[in-house]
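*Asks:* Quick one: structure below, then a few questions.
The values are calculated or read from the model by the stated rules, or taken from the named source; none is laboratory data. Bear in mind that the values here come from a model prediction, so they are computed numbers and not experimental data. No Cβ is skipped: glycine too gets one built from the backbone with ideal geometry, and neighbour counts run over all protein chains shown. The accessibility values were calculated without ligands, DNA or RNA, using every heavy atom of the protein model including side chains. Shrake-Rupley method; radii C 1.70, N 1.55, O 1.52, S 1.80 Å.
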Amino acid sequence: CPAVLNGIWKYSADTNCLQKAYEMQSSNDWTQLRNFLDTINNHFSEVEKVLDEDRTLWMMAFSNLTITLDGPINNIPHNFYMFKDNNGLFSPIIWDLNGSFGTFKNGLTIPVTIQDLQELDIFHGSTNNQNKLTTQMFSSLEYRKMYVAHMRTILNEQFANGNYSTRALQLQAIIDSSVNADPNGFYSHSDFIANINSSVGSPTSVVGISELMNARILYIQSLPEFTATPPTFSNITSNPVNPTPYSSVTISAEITNVTGAYLGYRFKFHDAFTKVVMTDNGSGVFSAT
């Protein structure tokens, strides 16, 4: 089963091959995973029928921004779950986040410098043929734009404003006495205190969180994808305002800095979104029924 063993997200019609690369935590029905991987690999235009692409892009944006490479976005993709929701769509779920903030460097070109981490390509993995998640998702211009928009949101809401640093100090204070009393600690208490802001450890250095992220924030904000003016939305309306059951509803919005727009809708919170193209009336007002 070389196609499976040489990388994750690879497809094989033989479910026995999949069992060499994946571990099932629920049923023993491997056909659903096989069909999902077949779609990812061979019928990517139909991917939204099997993958929650929006959740996936949020996960990818978070992982890249925070240099969380011990997971599915890296050149050595592993340490993640695939969860099939009640809406019939799969989502990747990251775990083992102690490898965040650049502490896991496997898969990067050695030697890995602090600048390499600070300036990690926001589309890291886009040319990695061993990882169908990154190559396929980044092959779509629409998904790349969604990914950048999600990263911008995380960056602005949690990092550019310093929230991440404030939260790190809060968490450090909560566990400080326990860390200091731990007889089996990997690092000294002084290193634990210092590592919020600066690199510690020898011979293997662990980059400081703010040392990494302050420079990474500036680097990402300087990229063309982030200096470009993002779309704005205003005057969102529905007609009728109070629709009756089984009637049609038209959603309209003024949208700037776009060449086109989609409306995503669903009837229940856990449903998958259905996308429809919105029509531009020529003055920047887009609508869909």
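*Asks:* Counting alpha carbon pairs within less than 8 Å and at least 6 residues apart, what relative contact order, in whole percent, applies to the stretch 86-175? List each step's numbers first, then the result.
*Replies:* Details: 23 pairs, mean separation 8.5, N = 90.
Relative contact order comes out at 9 percent.
*Asks:* Further question on the same structure: Given H placed 1.01 Å from N in the peptide plane, which residues other than close sequence neighbours of residue 250 have an amide H under 5 Å from its amide H?
*Replies:* Close amide H contacts, sequence-distant or interchain: 239.
*Asks:* What does the charge count around residue 32 come to, taking other residues whose C-beta lies under 13 Å from its C-beta (Lys +1, Arg +1, Asp -1, Glu -1)? Don't skip to the end; give the middle numbers.
*Replies:* Values: positive: 34, 49, 84; negative: 29, 38, 85.
Overall, the nearby charge balance is 0.
*Asks:* In whole Hz and in residue order, list the ³J(HN,Hα) couplings for the stretch 172-177 that follow from phi through the Karplus curve 6.51 cos²θ - 1.76 cosθ + 1.60, θ = phi - 60°; x for Gly and Pro.
*Replies:* Karplus values, whole Hz, x for Gly and Pro: 4, 5, 5, 9, 4, 5.
*Asks:* Let me ask something else about it. Please list 3J(HN,Hα) in residue order for the stretch 127-137, calculated via the Karplus relation 6.51 cos²θ - 1.76 cosθ + 1.60 where θ = phi - 60°; whole Hz, with x for glycine and proline.
*Replies:* My calculation for the stretch 127-137 gives 10, 8, 5, 8, 10, 5, 4, 6, 5, 6, 5 Hz in order.
*Asks:* At residue 215 and residue 95, where each label point lies 7 Å from the Cα along Cα→Cβ, what is the point-to-point distance in nanometres?
*Replies:* 3.3 nm
*Asks:* Taking the Cα atoms only, what angle lies between the long axis of helix 31-42 and the longest principal axis of the chain, rounded to 10 degrees?
*Replies:* Tilt of helix 31-42: around 80 degrees.
*Asks:* Take every Cα pair under 8 Å in the chain that's 6+ residues apart, average their separations, divide by the length, and report that relative contact order as a whole percent.
*Replies:* Working: 390 pairs, mean separation 37.3, N = 289.
13 percent.
*Asks:* Would you please give the FRET efficiency between residue 189 and residue 55, computed as 1/(1 + (r/R0)^6) with r the Cβ-Cβ distance and R0 = 45 Å, to the nearest 0.05? Numbers along the way, then the final one.
*Replies:* On the way: r = 39 Å, r/R0 = 0.86.
It comes out at approximately 0.70.
*Asks:* Return P(r) of the stretch 20-133 (all Cα-Cα pairs; 10 Å bins starting at 0; whole %; ordered from short to long distances).
*Replies:* All Cα pairs, binned at 10 Å, distribute as 13, 43, 31, 11, 1 percent.
*Asks:* Once you order the gyration tensor axes a ≥ b ≥ c over the Cα atoms, which shape class does the chain get: rounded for a/c under 1.5, otherwise prolate or oblate by comparing a/b with b/c? Write down the numbers at each step before the final one.
*Replies:* Values: a/c = 1.97, a/b = 1.33, b/c = 1.48.
Note, shape of the chain comes out oblate.
*Asks:* Can you pull the one-decimal nm distance between simple spin-label points at residue 204 and residue 115, each 7 Å off the Cα toward Cβ?
*Replies:* 2.4 nm
*Asks:* Now, a different point. Give me the distance between the Cα centres of the stretch 249-279 and the stretch 127-189, rounded to whole Å.
*Replies:* After rounding, the separation between the Cα centres reads 29 Å.
*Asks:* While we're looking at this one, here's another question. Near the amide H of residue 83, under 5 Å away, which other amide H atoms are found, from residues 5 or more places off or on another chain, if H is placed in the peptide plane?
*Replies:* Residues meeting the criterion, in which the H sits 1.01 Å from N, are 91, 93.
*Asks:* Could you calculate the FRET efficiency of residue 196 with residue 45 from 1/(1 + (r/R0)^6), where r is the beta carbon distance between them and R0 is 45 Å, rounded to 0.05? Can you show the working numbers first?
*Replies:* On the way: r = 45 Å, r/R0 = 1.01.
Efficiency, rounded to the nearest 0.05: 0.50.
*Asks:* So, in nm, how far is label residue 149 from label residue 29 when the simple model puts each one 7 Å beyond its Cα toward the Cβ?
*Replies:* Reported label-point gap for residue 149 and residue 29 is 3.3 nm.
*Asks:* For the stretch 106-115, what does the Karplus curve 6.51 cos²θ - 1.76 cosθ + 1.60, with θ = phi - 60°, yield as ³J(HN,Hα) per residue in whole Hz, taken in order and with x for Gly and Pro?
*Replies:* Karplus-based 3J(HN,Hα) across the stretch 106-115 equals 4, x, 8, 6, 7, x, 9, 8, 4, 5 Hz.
*Asks:* Could you pull out the pairs from 49/268; 84/145; 84/105; 49/84 whose alpha carbons sit more than 19 Å apart here?
*Replies:* On the way: 49/268 17 Å; 84/145 25 Å; 84/105 29 Å; 49/84 12 Å.
Long pairs (Cα-Cα over 19 Å): 84/145; 84/105.
*Asks:* Under 14 Å from a point placed 7 Å out from the Cα of residue 106 along the Cα-to-Cβ direction: which residues of the stretch 37-79 have their backbone N that close?
*Replies:* Flagged as within label range: 69-79.
*Asks:* For helix 209-221, what angle does its Cα long axis make with the longest principal axis of the chain, in degrees from 0 to 90 and rounded to 10?
*Replies:* Helix 209-221 and the main axis of the chain meet at about 40 degrees.
*Asks:* A further question follows. Could you please state how large a percent of the accessible area of the chain is carbon and sulfur, counting protein chains only and using a 1.4 Å probe? Let's see the in-between values first.
*Replies:* Numbers: 8710 of 16350 Å².
Roughly 53 percent, rounded to a whole number.
*Asks:* Okay, moving on. May I ask you to derive the FRET efficiency for residue 277 and residue 174 from their Cβ-Cβ distance with R0 = 41 Å, giving the value to the nearest 0.05? All intermediate terms of the calculation are to be shown ahead of the outcome.
*Replies:* Numbers: r = 49 Å, r/R0 = 1.19.
Efficiency, from the Cβ-Cβ distance: 0.25.
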